[in-house]
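Please treat every number below as a calculation from the coordinates, not as lab data. In this text the structure is predicted, and so the values were computed from the model without any measurement. All Cβ positions, glycine included, derive from the backbone under ideal geometry; neighbour counts span all protein chains shown.
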Amino acid sequence: MARDENVRQEDDWGGQDPDVDFKPLNAEEAQRLRERKPLISPWRVIAIQIVAGVLVALVAWALSGKQSVGWSAGYGALAVVIPAAVFARGLTGRFSSLNAGTAVLGFFLWELVKLVLSVAMLLAAPRLVAELSWPAMLIGLVVTMKAAWVAVMLKPNAPKP
């Protein structure tokens, strides 16, 4: 069945076929889009996560009065930051940008490495942190993970024309 470029066709679920209206960007349009919507560096996200992790560890220590609670919260933050840094390093390497196929494969590979490293760090926590406080560690982990949203909200804005 041939497609007429001027006729919108419905897909199998009754919606409009998105390929009909698709128009690739030329180089100039792509550059304008990049200027309007700048990317967020993964290293900026990790830096914000480090700041959040240090803050949550200090607050946990100050509120509890126990150094072990601060170390527990800090270790929870490290269980996010270290795997995220490994992931970012893997994604920004030369191999991951050879072509679309290696980029997709690299993404899934480094995501798996990040997940395994995070789980390994959590399993090792009782042996590495004296008097581990699981609630403090989990709070440090969650706050540090959610700090990535702060990076999105604080992303540099594009210059106004």
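Taking a straight line from the alpha carbon of LYS146, these lysines sit under 23 Å away, with near neighbours fewer than eight places off in the same chain left out: LYS37, LYS114, LYS155.
Listed peptides 48-60, 71-83, 109-121 appear in the order 71-83, 48-60, 109-121 once ranked by packing, highest mean of other Cβ atoms within 10 Å at the front. Using θ = phi - 60° in the Karplus curve 6.51 cos²θ - 1.76 cosθ + 1.60, the 3J(HN,Hα) couplings for the range 72-86 round to 5, 5, x, 5, x, 5, 5, 5, 9, 5, 5, x, 5, 5, 5 Hz; x is entered for Gly and Pro. Cα extents for the range 42-153 along the principal axes, largest to smallest and rounded to whole angstrom: 52, 32, 16.
Using only side-chain charges placed at the Cβ, +1 for Lys and Arg and -1 for Asp and Glu, the dipole size of the range 47-161 relative to its Cα centre rounds to 260 debye. Residue by residue, the range 136-143 carries 3J(HN,Hα) couplings of 5, 4, 5, 5, x, 5, 5, 4 Hz when phi is fed to the Karplus relation 6.51 cos²θ - 1.76 cosθ + 1.60 (θ = phi - 60°); x denotes Gly or Pro.
Footprinting exposure proxy ranking of ARG34, ARG94, fewest other C-beta atoms within 10 angstrom first, gives ARG94, ARG34.
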